[in-house]
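Student: Dumping the structure here so I can ask a few things about it.
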Amino acid sequence: MGQRLTSEILQRRRTRAVTLREEGWRITDIAHALQVSPAAVSQWIKAYTQQGAKGLVSTPKTGATPRLTKRHQLLLRALLSDTPRDHGIDADAWNRALVQQAIKRLFGVSFSIQHVGRLMKNAAQETSSLPRVTHLELKDLIRKSDIARIRTRINDSHGKRK
């Protein structure tokens with residue numbers, strides 16, 4: 001597996017490609033010298049032609065917008081810090097299927113069992129303390145959503161009910 005390149009190194013490589021092109025190098029030769037695809041070199045040259053040096057600057061990749069807000073993640077941490085019985089659910093411990101249903105009922109968002117496992121792991125690894133207001137907000141939210149109605153008889157195969 002290759003090493004991860006910083007945005008500064010990537011920008012220097014793009015700038016070098018433009019410099020070589022201005023010196024008369026062919027795109028395929030530049031690509032070979034910089035160990036990138038000719039298409040990448042063409043994109044960099046086009047960006048430089050249209051926007052100047054600004055077109056070669058790295059931009060952060062944002063990815064998809066999270067479906068759980070930071071507030072929801074805090075509320076989930078607060079929920080998982082309690083036992084299911086504290087919220088009227090007939091279970092001794094949280095499992096992925098229970099958390100999946102709780103997230104759906106509380107926040108209106110559906111996740112796969114696998115992703116719920118990642119959310120639970122991330123929540124468990126978080127070490128910062130929860131604000132007291134988060135617990136109070138969770139209690140209000142639970143009261144409104146009637147979380148105790150979550151079924152506890154869940155088939156282990158991806159959260160399908162028996």
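The values are calculated or read from the model by the stated rules, or taken from the named source; none is laboratory data. These numbers come from a predicted model, not from an experiment. When we count neighbours, we look across all protein chains shown, and the Cβ atoms used for this are built from the backbone with ideal geometry, even at glycine.
Student: Taking LYS160, is it over 17 Å from the mean Cα position of the chain (by Cα), farther than 19 Å from GLY88 by Cβ and either surrounded by 10 or more Cβ atoms within 10 Å (Cβ to Cβ) or at pLDDT 95 or above (or both)?
Tutor: Judged against the criteria, LYS160 is a match.
Student: Also, quick follow-up: Counting only residues that are assigned to a helix (DSSP H, G or I) and in contact (Cβ under 8 Å) with a residue 12 or more places away in the chain, which one in segment 48-58 is surrounded by the fewest Cβ atoms within 10 Å (Cβ to Cβ)?
Tutor: ALA53
Student: Give the residue that is farthest from ALA124 (Cα to Cα), with candidates limited to residues of segment 96-109 that are free of Cβ contacts under 8 Å to residues at least 40 places away in the same chain and out of contact with any helix residue (DSSP H, G or I) (no Cβ under 6 Å at 6 or more places or on another chain).
Tutor: So, considering only residues that are free of Cβ contacts under 8 Å to residues at least 40 places away in the same chain and out of contact with any helix residue (DSSP H, G or I) (no Cβ under 6 Å at 6 or more places or on another chain), the one farthest from ALA124 (Cα to Cα) is GLY108.
Student: Which of the residues spanning segment 25-81 are under 27 Å from the mean Cα position of the chain (by Cα) and polar (S, T, N, Q)?
Tutor: Selection gives SER58, THR59, THR62, THR65, THR69, GLN73, SER81.
Student: Moving on. For segment 15-37, enumerate the residues that are farther than 19 Å from LEU5 by Cβ and either loosely packed, with under 11 Cβ neighbours inside 10 Å or in contact with a helix residue (DSSP H, G or I) (Cβ under 7 Å, 6 or more places away or on another chain) (or both).
Tutor: ARG21, GLU22, GLU23, GLY24, ILE27, THR28
Student: Could you check segment 3-34 and list, in sequence order, the residues that are farther than 21 Å from THR59 by Cα and not β-branched (Val, Ile, Thr)?
Tutor: LEU20, ARG21, GLU22, GLU23, GLY24, TRP25, ARG26, ASP29, ALA31, HIS32, ALA33
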